[in-house]
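All remarks here apply to the structure that follows.
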Amino acid sequence: MTADKNYYTMDTQGNLKCLKCGVPLVKGKAKFMYLDNGFPVELPVCPICGFVYVPEELALGKVLSVEKALEDK
Amino acid sequence: MTIKERSTKIYRTKTMFSEEELIEKERVCIHEELPYCSAACPLKLDVRTLVGQIAAGDFTAALAVYTKITPLPHILSQGCEAPCQKYCKLYDIGEGIRITALERTATQMGEINKGSGMLRMKKKKTAAIFGEGLFAAFFVGEMARKMYPVTVYSKYDNMYDMLKAAAPFADEEGIAEDAAVIAHTNIIFVHAEALTSEFFEQERHHYDLIGVSPSFLQILGGEVDETVMLWHAETVISAPIEQQDVIENAFNARKAALTADRLAQRLAPENSRGEEGCKETRLYTNLNGIAASASLPCGIDGRYTRENAISEAKRCIQCHCDECVRGCVYLQHYKKYPKKLTREIYNNANIIMGDHMMNKPINSCSLCRQCTVTCPNGYNMADICLIARQNMVTTGKMPLAPHEFALMDMEFSNTDAFLCRKQAGYTHCRYVFFPGCQTSAIAPDTVYKAYADLTKRLTGGVALLLGCCGAIAKWAGRELMYAETVRMLNEHFAILGHPVIIAGCPMCADMLSKHSHEQVIGIWDILAEIGFPEGAKGLDYPVAMHDSCGARGNIHMQETMRLIAEKLGCVLIDTEYSGDYSPCCGYGGLVMYANREVAHEMAKMCAERSDTPYITYCMACRDRLARENKESRHLLELIYNENAGVPPDISEKRYNRIQLKERLLREVWKELVEPVEYGFKVIFTPETRRMMEDRMILRTDVMQTLQYMRETKEAILEEKTGLLVTRHREGNVTFWVKYEQKDDVYVVHCAYSHRMNIVTR
């Protein structure tokens, strides 16, 4: 696996703002961890506090299907 | 409490039980046993499929099934003594299927595959067959079909003449067709008017395999070993003296051909022959609901018309044993019978890396043990699934996702909602009322009234214990957690002075009687003895009784419940699969958490057994049936004149337990209870509630997420919608809440969760 490989990329579409820091979220590097497996992704992240936003469609879609696949490993 | 999640990087396996035990368990399942007809046939004709194909109108497919057992289908079908027919199960209630007439019709109407087969290679070893007669004819057919180059030494110059002389009972068209098929193969006829031993000795050395007719064997003075059809001293294949039965000749020829195969490969002919000949079958066929019928008459040629053959074939009940599958949604869902399922589950436990495809099926059994009573041999699929779950837990292969909600709910019952109190004024109590977690969660007012009634009418003191018996941990395969729960409960029973446990739930009664140190009775036993309180009233319309799986094997409990229902004035309707045969509502074995689809099918099946409303004696059953929009009432609701109403959602189930505990502490033990306050108000719209129920998100999960947001100020503003989004990780789950805020009031628009943890990198 190369260092830059991303399993999922999502743009902020200029729609999201961190309430705590008052700045727009930017596309940032994040990692999903489950059952000792890591999946690098790019998601909207607050550049100051690092809040990573996981939208509903992602949580109930791809994330859920990967969870289920890993649970049977 | 947080339960530690597993890792996929641990590669431990442990076999569930030994290979011998597996075989022993599999043997109990008779689904694969031969039907009576096939078992009686020495050639083991697949009668079910043959008749099934005819019933479907496909005579060519039926003939293909028939030709698997013989190279001479016309001759065999016209001369076969049909042992299969005598054993047809339909004779138990009426007339059996005319199998030979169907075979003859199939051979006449079906189209035979005359091709020698593109991929069938001519064998290198050569064979010679000396003599004539039925055995020799069948043996020639068998050898030719196996693609041996065969030379036949007889007084006939072709196959047709040989068959015609051997089978005078068969019609000319049939003989011609059988001969034509064999003529396609590598067969040479050498005319030999009278065979002699000298001629035999002279010719035999040209060939690798030698076969002789039984009458020529006598001339040669040979003696054949009937198990392998071999004259060992001379390595000559033959048969005992010519049999009268056509089927016997066909069978002997088949055995002889197998011996030829093994000799050709220089293998001992006695070994690896499989099961030959007729065999005993252990099959069970349920004839309930099958009407007796008579065979259709066939023509003088022993054949049917096309229409009559189809009608006769449709009478076949396709004997097989699916007693367990019929009553079990789980087995129906996975379309597997216990033997197959057991093997796959067993293999699943041995997988070190890769996908464990049986994890979900293992967690989808309700462990209700219905199969143990529906199976004629008592197959226990529940035990297999439970052992598999325990195995998965001990080897670190059990995912937490299917059971975590239920385990946390048990934890909630035994901590926040737990209550253990002696009756006021008593230092030792003779009894302790143990209503069960689901009874308190679904019908708290009924529990309240029941406890008040027991303390009023029983002497010696009645303590109360609100908690979970540990069934949830047991079902999840978590033995350590179960043992800890049992230890904790036993400790409390000891503090109460070892009282007699009055269980309010059949499952609790079952679990506690097995694992607590105390005597266990049911509240139903008490009420049947002391009578009902004032206001007890049955339903005014006929009702069906849904029995709990906790009462399986406990006829006393099942009968007591019916007695109580009748005493209350209920008119009970009998249903299929009631009493000991009752199916699970979908709560048992934690199916409703691990596989909602199967749980829904289970509840639906329970609900559909009767058009009438149901009464139950397990609150989980009442709840599951009500969720299927089936009117259902628990016996205790009728006894205490209560109606728990529409089923509570997952949050209300927790709220009910807390409220019951607080009410009891306040009103019975006069203790001051401080309710948990969050300091802010949250509004859940009906759609949000439904969404949360569907996603198994509790209102307390949302409250804690918002509480965390208030402490950290961490939230995202969705500028397009103006909604705020926040999250909080609680144990192994991250909860997300989408909301709008008006001062200290939060209106929740959406909640979702995921188990993966997200971090920045």
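What to note about this one:
- Residue pairs whose Cβ atoms lie under 7 Å apart, separated by 6 or more positions or on different chains, with the first residue in the range B:579-605 and farther than 15 Å from B:Tyr334 by Cβ and the second aromatic (Phe, Trp, Tyr) and surrounded by fewer than 24 Cβ atoms within 10 Å (Cβ to Cβ), are B:Pro583/B:Tyr577; B:Tyr593/B:Phe405.
- Top-ranked residue of the range B:519-546 - restricted to ones that are free of Cβ contacts under 8 Å to residues at least 40 places away in the same chain and in a loop (DSSP other than H, G, I, E, B), ranked as surrounded by the most Cβ atoms within 10 Å (Cβ to Cβ): B:Gln519
- Lone qualifier among B:Gly57, B:Gly52, B:Gly115 - being modelled with pLDDT under 95 and more than 30 Å from B:Gln390 (Cα to Cα): B:Gly115
- Tally of residues being under 30 Å from B:Ile362 (Cβ atoms) and either at the interface with chain B (Cβ under 8 Å from one of its Cβ atoms) or not small (Gly, Ala, Ser) (or both) across the range A:55-68: 9
- Within the range A:13-27, considering residues that are more than 10 Å from every other protein chain (Cβ to nearest Cβ) and more than 19 Å from B:Asn757 (Cα to Cα), the one nearest to the chain's Cα centre (by Cα): A:Val26
- Entry remark, the range B:2-26: residues being surrounded by 12 or more Cβ atoms within 10 Å (Cβ to Cβ) and under 22 Å from the mean Cα position of the chain (by Cα) number 7 in total.
- Checked against the criterion of being of a type outside the set (S, T, N, Q), within 25 Å of the chain's Cα centre (by Cα) and not in a helix (DSSP H, G or I), the candidates B:Arg633, B:Arg609 yield just one match: B:Arg609.
- Residue match in the range B:659-667 (condition: touching a strand residue (DSSP E or B) at 6+ places or on another chain (Cβ under 6 Å) and either more than 14 Å from every other protein chain (Cβ to nearest Cβ) or crowded, with 21+ Cβ neighbours inside 10 Å (or both)): yes
- Of all residues in the range B:742-761 being surrounded by 15 or more Cβ atoms within 10 Å (Cβ to Cβ) and not aliphatic (A, V, I, L, M), the one that is farthest from the other protein chains (Cβ to nearest Cβ): B:Tyr746
- Conditions (1) over 35 Å from the mean Cα position of the chain (by Cα); (2) buried (at least 24 other Cβ atoms within 10 Å of the Cβ); (3) assigned to a loop (DSSP other than H, G, I, E, B); number of the one not met by B:Cys469: (1)
- Which numbered condition B:Glu33 fails, given (1) touching a Leu at 6+ places or on another chain (Cβ under 7 Å); (2) of a type in the set (D, E, K, R); (3) at pLDDT below 95: (3)
- Filter result for B:Val737 (buried (at least 18 other Cβ atoms within 10 Å of the Cβ) and in contact with a Cys (Cβ under 8 Å, 6 or more places away or on another chain)): yes
- Checking the stated criteria, B:Lys125 turns out to be in contact with a strand residue (DSSP E or B) (Cβ under 7 Å, 6 or more places away or on another chain) and in contact (Cβ under 8 Å) with a residue 40 or more places away in the chain.
- Members of the range B:1-30 that are more than 14 Å from every other protein chain (Cβ to nearest Cβ) and modelled with pLDDT under 90: B:Met1, B:Thr2
- Of the residues in the range B:712-719, none is part of a strand (DSSP E or B), of a type in the set (Val, Ile, Thr) and touching a Ser or Thr at 6+ places or on another chain (Cβ under 7 Å).
- Number of the exception - B:Glu714 against (1) closer than 30 Å to B:Ala594 by Cα; (2) at the interface with another protein chain (Cβ under 7 Å from one of its Cβ atoms); (3) touching a Leu at 6+ places or on another chain (Cβ under 8 Å): (1)
- Selected residue (only one of B:Lys340, B:Lys335, B:Lys360 is closer than 27 Å to B:Lys604 by Cα, in contact with a helix residue (DSSP H, G or I) (Cβ under 8 Å, 6 or more places away or on another chain) and either in contact (Cβ under 8 Å) with a residue 24 or more places away in the chain or surrounded by fewer than 19 Cβ atoms within 10 Å (Cβ to Cβ) (or both)): B:Lys360
- B:Met398 in a helix (DSSP H, G or I) and not charged (D, E, K, R): no
- Filter result (among the charged types (D, E, K, R) and either more than 7 Å from chain B (Cβ to nearest Cβ) or surrounded by 17 or more Cβ atoms within 10 Å (Cβ to Cβ) (or both)) within the range A:28-42: A:Lys31, A:Glu42
- Evaluating B:Cys508 against the criteria (1) touching a residue at least 40 places away in the same chain (Cβ under 8 Å); (2) outside any helix (DSSP H, G or I); (3) within 22 Å of B:Glu642 (Cβ to Cβ) leaves one unmet condition, (2).
- Single residue of B:Val47, B:Val65 found to be more than 14 Å from chain A (Cβ to nearest Cβ), buried (at least 21 other Cβ atoms within 10 Å of the Cβ), within 26 Å of the chain's Cα centre (by Cα) and under 23 Å from B:Asp178 (Cα atoms): B:Val47
- Matching option when the condition is in the same structural domain as B:Tyr746 (by TED's automatic domain parsing), surrounded by fewer than 18 Cβ atoms within 10 Å (Cβ to Cβ), closer than 24 Å to B:Glu740 by Cβ and touching a strand residue (DSSP E or B) at 6+ places or on another chain (Cβ under 7 Å), among B:Arg695, B:Arg690, B:Arg710: B:Arg695
- Identity of the residue in the range B:216-254, small (Gly, Ala, Ser) and either out of contact with any Leu (no Cβ under 9 Å at 6 or more places or on another chain) or in a loop (DSSP other than H, G, I, E, B) (or both), that ends up modelled with the lowest pLDDT: B:Ala233
- Meets criteria (assigned to a loop (DSSP other than H, G, I, E, B), among the hydrophobic types (A, V, I, L, M, F, W, C) and under 16 Å from the mean Cα position of the chain (by Cα)) for B:Cys316: no
- Between B:Lys86, B:Lys68, the distinction of being more than 25 Å from B:Tyr284 (Cα to Cα) and either among the β-branched types (Val, Ile, Thr) or in contact (Cβ under 8 Å) with a residue 12 or more places away in the chain (or both) belongs to B:Lys68 only.
- Members of the range B:668-684 found to be touching a strand residue (DSSP E or B) at 6+ places or on another chain (Cβ under 7 Å), closer than 30 Å to B:Asp743 by Cα and assigned to a loop (DSSP other than H, G, I, E, B), listed by number: B:Phe680
- Among the conditions (1) crowded, with 18+ Cβ neighbours inside 10 Å; (2) over 29 Å from A:Val66 (Cβ atoms); (3) in contact with a helix residue (DSSP H, G or I) (Cβ under 6 Å, 6 or more places away or on another chain); (4) of a type outside the set (A, V, I, L, M, F, W, C), B:Gln318 misses just one, which is (1).
The values are calculated or read from the model by the stated rules, or taken from the named source; none is laboratory data. Source: prediction; values computed, not measured. Positions of Cβ are backbone-derived with ideal geometry, glycine not excepted, and every protein chain shown enters the neighbour counts.
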